[in-house]
Structures are given as C-alpha cells and as structure tokens.
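**Q** One structure follows; several queries about it will come next.
The values are calculated or read from the model by the stated rules, or taken from the named source; none is laboratory data. Quick caveat: nothing in here was measured; it's all calculated off a predicted structure. Ideal geometry is used to build each Cβ from the backbone, glycine not excepted, and the neighbour counts take in all protein chains shown. Surface accessibility is based on the protein's heavy atoms, side chains included, excluding ligands, DNA and RNA. Shrake-Rupley method; radii C 1.70, N 1.55, O 1.52, S 1.80 Å.
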Amino acid sequence: MRVLVTGGAGFIGANFLNLLVPRHPEHHFVNVDKLTYAANPKSLAPIADAPNYAFERADICDPEALDKVFDTHQPDCVVHFAAESHVDRSILGPQEFIRTNVEGTFHLLEQCRKRWKDGDAWKGLFHHVSTDEVYGSLGDTGFFEETTRYDPSSPYSSSKAASDHLVRAWHRTYGLPIKITNCSNNYGPLQFPEKLIPVMVLKMVERQTLPIYGEGLNVRDWLYVTDHCEAIWTVIEKGKVGETYNIGGHNEKTNIEVVDTLCKLVAEETGADVEELLALKSFVKDRPGHDMRYAIDASKIEAECGWTPKETFETGMRKTVRWYLDNGEWVESVRSGEYKRWMEENYGDR
Ligand code: NAD
Ligand code: TYD
C-alpha cells in the first residue's frame with residue numbers, strides 16, 4: 001500500500017508512524033503535516049531516515065498543495081489524523097477548528113473522490129480518525145455505542161462530528177470506500193503538554209499547582225496511545241468498508257483519580273514526597289460545556305476485528321510518567337515558541 005498519513009507529526013500520528021513504518025517495509029508511508037504548534041518533527045526521529053517514509057509539509061486546507069502531494073505519492077490509503085485537537089483552545093478560538101477539521105477533511109475527501117474511481121468500481125481506503133466526544137456526555141451509567149446519537153458539546157467535538165458526517169456522506173453518496181474509528185481519551189509518550197496527563201506530570205516536577213477543573217469528578221475512559229494505533233491498523237486490515245468502530249480501554253477514571261495516581265507514580269519514580277505533590281491540587285473554574293462522562297463500548301471492534309488493548313491503566317500510566325521524566329529535551333522543544341506565548345496570554349501562570 002501507499003499510505004498517506006495526515007497529522008503524523010502530532011501525538012497520535014507520530015506514535016502511529018513510529019510503530020508501523022518499521023513494521024511494514026512493504027508499505028510506503030508519507031506524512032502530510034502543516035507543522036502547527038502541536039507538531040514536533042523530533043517525535044519522528046526514529047523513522048526520519050527510513051526508506052519507506054517521506055515527509056511533506058502541507059496544509060490540508062490548501063487544495064493545490066494537496067494536489068501536488070497526491071500527484072507525487074499516489075496514495076491508495078489515507079489515514080486522516082490531522083486536526084486541531086484541544087477542547088480548551090476550541091472554546092477560546094473556534095475558527096481554526098472549523099477550518100482544519102471540517103474544510104480540511106472536505107479537501108482530502110475530494111482528492112480521493114477524483115482519483116480513486118476505477119470504471120464503476122472504487123479503489124483505495126479513507127480511514128478517518130475521530131473521537132468519542134462526538135457523542136456528547138453520558139450520565140452515571142451506559143456506554144457510547146456506534147449507534148449512539150451524535151450530540152457534541154464543544155467547538156472541537158462539533159467540528160469532529162461535522163467531519164464524521166462528511167466522511168459518511170462521501171461514502172453514501174459517491175461510494176468512496178471509508179472507515180471511521182471513534183476513540184476515547186489517549187495518553188502516552190509524545191502528547192503535547194496542554195492535555196491533562198502531561199500538564200499534571202510536568203507541573204508536579206516543577207512543584208506548580210495542579211489545576212483541576214470544577215470538582216474533578218468528570219470521567220474519561222483512558223487508552224494508551226499504542227493500543228489506539230494498533231486498533232486503527234487492525235480496522236484498516238480487517239474492518240468492513242463503510243463501518244464505524246468505537247475504540248476504548250474500559251479505564252473509566254475521574255480526573256481526581258487520574259491526578260492522584262500521577263502524584264503516586266511521580267513520587268515513586270522521582271523519590272518526591274507524595275503528600276507534597278497531593279497538596280499541589282487546586283480546584284479552578286470549570287470548563288464551559290464540560291462533558292461529565294465518556295465511556296466506550298468496544299465490543300464491535302473486539303468481535304469483528306479481534307482487537308483488545310494490551311496496556312492496563314497502571315502499566316500505561318507508569319510508562320507515560322517515566323517517558324516524560326526521561327525526555328526533558330522533547331518537552332522543552334514543544335514548550336518553547338507559540339505554545340508558551342498562547343498559554344501565558346490565555347491562562348497567565350496557572
Ligand atoms: P495533535 O493536536 O497532537 O496533532 C495534530 C497534528 O495535525 C499536528 O501535527 C498538526 O501540525 C497537524 N495539523 C493541524 N492542522 C493541520 C492542517 N491544517 N494541515 C495539516 N496538518 C495539520 O492531535 P492528536 O491528539 O494526535 O489527535 C490526532 C487525531 O486523533 C485528531 O483527529 C483527534 O481528533 C483524534 N483523536 C484524538 C484523541 C486524543 O485523546 N488525543 C482521542 C480520539 C481521537
Ligand atoms: P483533556 O486532556 O483536555 O481532554 P478532553 O477535554 O478532550 O477530554 O482533559 C481531560 C479532562 O481533564 C477533562 O475533563 C478536563 C480536565 N482537565 C483538568 O481538570 N485540568 C487541566 O488542566 C486540563 C488540561 C484538563
């Protein structure tokens with residue numbers, strides 16, 4: 001296959017490429033990324049010189065740039081990660097989310113539509129990477145299933161919902177071969193330090209206060225990033241065209257449980273006093289439209305594709321803490337520049 005990956009310099013895309021490029025020398029991978037604040041080319045150091053890997057800097061909202069990339073690489077599989085991905089940023093400035101997540105997805109679909117029709121038949125596969133946040137918020141019980149009604153709350157999740165609808169429409173209307181995966185919250189190495197887990201670990205190391213939104217009782221269903229990457233590849237290989245698969249690890253935790261676990265692990269790994277770290281917890285103003293609970297029913301991908309997660313919450317969290325402690329240089333490289341300025345402008349020194 002000639003696999004075109006969008007957003008491969010971001011958190012999940014880089015983990016995906018670092019896992020699959022060495023494993024599949026028979027496939028060619030091209031990474032198309034605009035390199036926004038959330039990207040870090042250093043994340044791709046393990047594969048930068050691999051013979052079956054290429055990088056193209058391009059904006060998925062630029063149809064001429066996409067045309068050139070598709071002409072050069074002639075992909076027959078697109079794995080679409082590129083997105084603006086942070087809920088808090090989407091609340092402060094939604095426009096870029098509509099542009100990249102909705103318009104960018106549209107331009108990619110159009111590239112595939114004009115190139116993959118082979119007589120009356122279609123070739124190729126468009127794999128759309130999406131989120132469980134499109135389903136909105138759960139109460140105390142129940143799980144998101146593939147048939148759960150879309151009910152997004154934030155500009156981020158509504159832009160992802162819109163992109164899912166476009167992908168499904170290009171399948172129903174034109175016949176474009178697509179698959180969609182909707183995954184729960186990921187954590188692991190290479191995640192940009194604006195999301196809960198890296199924010200907390202790095203603040204603990206620097207003995208800064210740990211900002212917990214509202215009462216900290218919101219629940220997220222955490223999945224180690226490599227398990228997500230394996231699930232996507234499994235769906236590409238074994239999933240049915242036109243279908244949606246939910247991906248999750250049955251690791252429902254309140255935000256307080258996550259922060260307490262991180263305090264314990266950081267204390268164990270660094271020799272710090274756990275009570276000193278726990279005392280850094282601080283309850284701050286809640287996020288507007290903050291979804292209360294996410295939880296995934298992953299029985300369809302298990303039954304149809306045979307995928308199950310390998311990491312438990314305990315093993316995955318320890319690996320993640322260790323990775324952030326051991327990779328100060330990576331952390332500094334993403335914290336400099338635009339991100340740092342944005343955080344200072346919007347959140348002061350919180
Ligand atoms: P990320 O923010 O870490 O990375 C996004 C990448 O996309 C960056 O490399 C960025 O430069 C690139 N990008 C942004 N706009 C672009 C544009 N216009 N053109 C080309 N490239 C552009 O995101 P992530 O956490 O790795 O998420 C990847 C995908 O997975 C997203 O579609 C997200 O919705 C989905 N997802 C994420 C999670 C999660 O917990 N992080 C969970 C489920 C689904
Ligand atoms: P986040 O990592 O932003 O992912 P998402 O909003 O996509 O689920 O946040 C995870 C949870 O942690 C969410 O309930 C918001 C909360 N949170 C905090 O309490 N403090 C923080 O500093 C951050 C970044 C998130």
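**Q** Write out, first by first residue and then by second, each pair whose Cβ atoms fall under 7 Å of each other, whose residues are 6+ apart or on separate chains, and whose first residue, in the range 81-93, is within 22 Å of Val225 (Cα to Cα) and open to solvent by 20 Å² or more (accessible area, probe 1.4 Å) while the second is within 13 Å of ligand 2 (Cβ to nearest atom) and assigned to a loop (DSSP other than H, G, I, E, B).
**A** Ser85/Ala38
**Q** For the range 33-53, how many residues are farther than 19 Å from Phe192 by Cβ and either open to solvent by less than 10 Å² (accessible area, probe 1.4 Å) or near ligand 1 (Cβ under 9 Å from one of its atoms) (or both)? It would help to see each step written out before you state the result.
**A** Let us first name the residues in the range 33-53 that are farther than 19 Å from Phe192 by Cβ, namely 47-53.
Then drop every residue that is not either open to solvent by less than 10 Å² (accessible area, probe 1.4 Å) or near ligand 1 (Cβ under 9 Å from one of its atoms) (or both), which leaves 47.
Of the residues in the range 33-53, 1 are farther than 19 Å from Phe192 by Cβ and either open to solvent by less than 10 Å² (accessible area, probe 1.4 Å) or near ligand 1 (Cβ under 9 Å from one of its atoms) (or both).
**Q** Then there is this: Please find, among Glu56, Glu64, the residue that is open to solvent by 20 Å² or more (accessible area, probe 1.4 Å), in a helix (DSSP H, G or I) and either touching a residue at least 40 places away in the same chain (Cβ under 8 Å) or out of contact with any Leu (no Cβ under 7 Å at 6 or more places or on another chain) (or both). Don't jump to the end; show me each part of the working.
**A** On the way: Glu56 fails: in a helix (DSSP H, G or I).
Glu64 is the lone residue from the list that is open to solvent by 20 Å² or more (accessible area, probe 1.4 Å), in a helix (DSSP H, G or I) and either touching a residue at least 40 places away in the same chain (Cβ under 8 Å) or out of contact with any Leu (no Cβ under 7 Å at 6 or more places or on another chain) (or both).
**Q** Which count do you get for residues in the range 286-309 that are open to solvent by 60 Å² or more (accessible area, probe 1.4 Å), in contact with a strand residue (DSSP E or B) (Cβ under 8 Å, 6 or more places away or on another chain) and within 19 Å of Glu237 (Cα to Cα)?
**A** Qualifying residue count for the region: 1.
**Q** Separate question: I'd like to know if the range 237-250 contains one or more residues that are over 30 Å from Asn327 (Cα atoms), over 17 Å from the mean Cα position of the chain (by Cα) and buried (at least 16 other Cβ atoms within 10 Å of the Cβ).
**A** yes
**Q** Looking at Leu166, Leu196, Leu223, Leu217 in this structure, which one is open to solvent by 20 Å² or more (accessible area, probe 1.4 Å) and within 11 Å of ligand 1 (Cβ to nearest atom)?
**A** It is Leu196.
**Q** Going by the conditions given, is His171 within 19 Å of the chain's Cα centre (by Cα), modelled with pLDDT of 95 or more and open to solvent by 20 Å² or more (accessible area, probe 1.4 Å)?
**A** no
**Q** Mind checking which residues of the range 235-290 are of a type in the set (Asp, Glu) and either touching a Lys or Arg at 6+ places or on another chain (Cβ under 9 Å) or more than 16 Å from ligand 2 (Cβ to nearest atom) (or both)?
**A** Going residue by residue through the range 235-290, those that are of a type in the set (Asp, Glu) are 237, 243, 252, 257, 260, 268-269, 273, 275-276, 286.
Glu237, Glu243, Glu252, Asp260, Glu268, Glu269, Asp273, Glu275, Glu276, listed by residue number.
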